[in-house]
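Participant: Let me give you the structure first, and then I'll get to my questions.
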Amino acid sequence: MGKGQSKALDLDQAIAQAEELFWKQALVMCQNQTVGAVAAIQNHSPGDFHGDLNYGEVFIRDNVPVMVYLMIKGKTKVVRHFLDISFSLQSTKTPTVGIFPTSFTERDGLVMADYGQRAIGRVASVDASLWIPILAHLYVQKTGDTEWAAQSKIQVGLTQLLTLLLRPRFHHAPTLYVPDAAFMIDRPLDVWGAPLEIQTLLYGALLCCAKLLKIGLAHKGIVNPPVDGNLPRHQIPRDPFTAQQVKHYVGAIACAKDLRRYLLRHYWVNSKSIQVLRQRPNEEYGDRAVNEYNIRTETIPHWLQDWLGTRGGYLLGNIRTGKPDFRFFTLGNCLGALFDVLSYSQQEALFYLIAQNQKDLVAQMPLRICHPPLDDEDWRRDTGYDPKNRPWSYHNGGHWPCLLWFLCVAVLRLPQVYTGVNSEFQEVTRELLESSYKLLLQQLPAQRWAEYFDGPTGLWTGQQTRYYQTWTIVGFLLVHHLLDVDPRAARILDVPSLKELCRPDSV
Ligand code: GLC
């Protein structure tokens, strides 16, 4: 495979090529064991990695699909090693105590981590810190290895993270406030404040932390601590660390409950809720205000009417006083569905919305990362003239093949979790996933497994794309696995439900 376009391959050849790239070239070792994968395979893109470019490092977010795929393939030891290394790299320095790195790499026997100090704009990846407890839970769920979770190094790591997440703050909302570019969108795109992806990840992370702490407490004989923290007298912990585990367990569940209520109240939109919003009064004072964020009709974009139609719905991008962000963010919405922030009927409305807006979200390459892009003055002001994030490029309306597997998981798990999913819905979503999968197959091997695609239809490879990008390759393998081999694998991403955590007999 040289430079330039390669030939389209048939399915078997494409799978064989993706597997070969993944198993033979993307995986790397750390401390003499396989730990995960680099972001992009270096020797196919000579010149890509000169200077300080970091695509040869192990990114935590890029390794989410890698870890899921490894679990599906039974390689759980690698997942455990990845988690052990990540926990060992949790920051112990003020003011970042408790955060996990964006990426790490081993050089001359030393493991070095980047917490944002080497990234453009010096942004720290908040999503990485939220993914780690989620991956830890998925590992325990898959393997039953509760001994691993109960180790004090893991329990200490989780409580440190929760100390950060549950700390007092300056605003009265359960959301996590972050700077611009703190997640997969890691360049300025006006996604500061309470962007959706961070909030849905926070919800998943809180539930997973609670479940893992529950395991830790059970190992100390505190089985089923009540969610209000009122332990029977003989179980009241004497040592401060156990007391903190209980406190954080209670805090995580309470925060997850509030967060879900809040997201459904302020982020969920459909045709009905928009009409309610348009009728709301403005400029209200006092605690009985119904328009808490003083949102005005003029902020509601015109494209929304057609986009929502009568049965579509989604979680909007961000809530900020007077300035809701109505952009559609694909990953945050998929996570909202698969972590069950959304109810069954809301998930259905979301998938109808995606299906009815395929022209925008899928076009020639599934899936667009966010819609619509920031244009003209908005782009200049809000991105600081960022050339990589020009309209229709990269994060700003670009198309990322690594996102499709999340949609597959979210759609396929729905009828497995809820009974009575109607056949029209099954047909519409099946068609959506199949045609998207076909596009991946036609395009990806021919376009050298590019990282992202540009333009209003996503037909062109991204202007500054890396080739042989790991999450593109493994994302394709996951889509293939979910659609052709075993749709039940969609349950692999299940996080504990609030209901389950609050039930007295679950461990
Ligand atoms: C880019 C992406 C980021 C990803 C990284 C490595 O910076 O924006 O989400 O983690 O590349 O692939």
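The values are calculated or read from the model by the stated rules, or taken from the named source; none is laboratory data. Everything quoted here is computed from the prediction, not taken from an experiment. Cβ sites come from the backbone with ideal geometry, for glycine too, and all protein chains shown count toward neighbours. Areas reflect the complete protein model, heavy atoms only, side chains present, ligands, DNA and RNA absent. Shrake-Rupley method; radii C 1.70, N 1.55, O 1.52, S 1.80 Å.
Participant: Could you state the accessible area per residue of the chain in Å², with a 1.4 Å probe and every protein chain left in place?
Facilitator: 42
Participant: Another question, then. Which of the lysines could a cross-linker bridge to K24, judged by Cα under 22 Å and excluding same-chain residues fewer than eight apart?
Facilitator: K3, K7, K73, K75, K77
Participant: Sticking with this one: How about region 343-416: which chymotrypsin sites (Phe, Trp or Tyr not before Pro) there lie in a loop by DSSP and see at most 15 other Cβ atoms within 10 Å?
Facilitator: Y385
Participant: Hey, another quick one. Using 1/(1 + (r/R0)^6) with R0 = 41 angstrom and r between the beta carbons of K220 and T419, what's the FRET efficiency to the nearest 0.05?
Facilitator: 0.60
Participant: Could you look at region 26-501 and say what percent of its accessible area is carbon and sulfur, using a 1.4 Å probe and all protein chains?
Facilitator: Carbon plus sulfur share of accessible area: 52 percent.
Participant: Please list, by residue number, every one of the trypsin sites (Lys or Arg not before Pro) in region 81-122 that is coil in DSSP and has at most 12 other beta-carbon atoms within 10 Å.
Facilitator: K93
Participant: Could you work out the per residue convex hull volume over the alpha carbons of region 326-402, in cubic angstrom?
Facilitator: Output value, Cα hull per residue: 97 Å³.
Participant: At R0 = 41 Å, how high is the FRET efficiency between T163 and R278 if r is their beta carbon distance? Nearest 0.05 is fine.
Facilitator: Working from the Cβ atoms, E equals 0.50.
Participant: Then there's this: Going through region 228-291, which chymotrypsin sites (Phe, Trp or Tyr not before Pro) have at most 11 other Cβ atoms within 10 Å and a DSSP loop state?
Facilitator: Hits after loop and neighbour filter: Y285.
Participant: Mind checking the alpha-carbon convex hull of region 26-501 and giving the volume per residue in Å³?
Facilitator: Cα convex hull per residue, to the nearest whole number: 154 Å³.
Participant: Can you give me the distance in nm between label points at L264 and T76, each placed 7 Å from the Cα along the Cα-to-Cβ direction?
Facilitator: Taking the two extended label points, one gets 3.3 nm.
Participant: For an R0 of 35 angstrom, estimate the FRET efficiency from the Cβ-Cβ distance between R288 and Y177 and round to the nearest 0.05.
Facilitator: In this case the efficiency is close to 0.85.
Participant: Here's another thing I want to ask about it. In a shell of Cβ-Cβ distance under 15 Å around P240, excluding P240 itself, what net charge do Lys and Arg (+1) and Asp and Glu (-1) give?
Facilitator: +2
Participant: State the Kirkwood hydrodynamic radius of region 191-290 in Å, one decimal place, computed from all pairs of distinct Cα atoms.
Facilitator: That comes to 16.3 Å for region 191-290.
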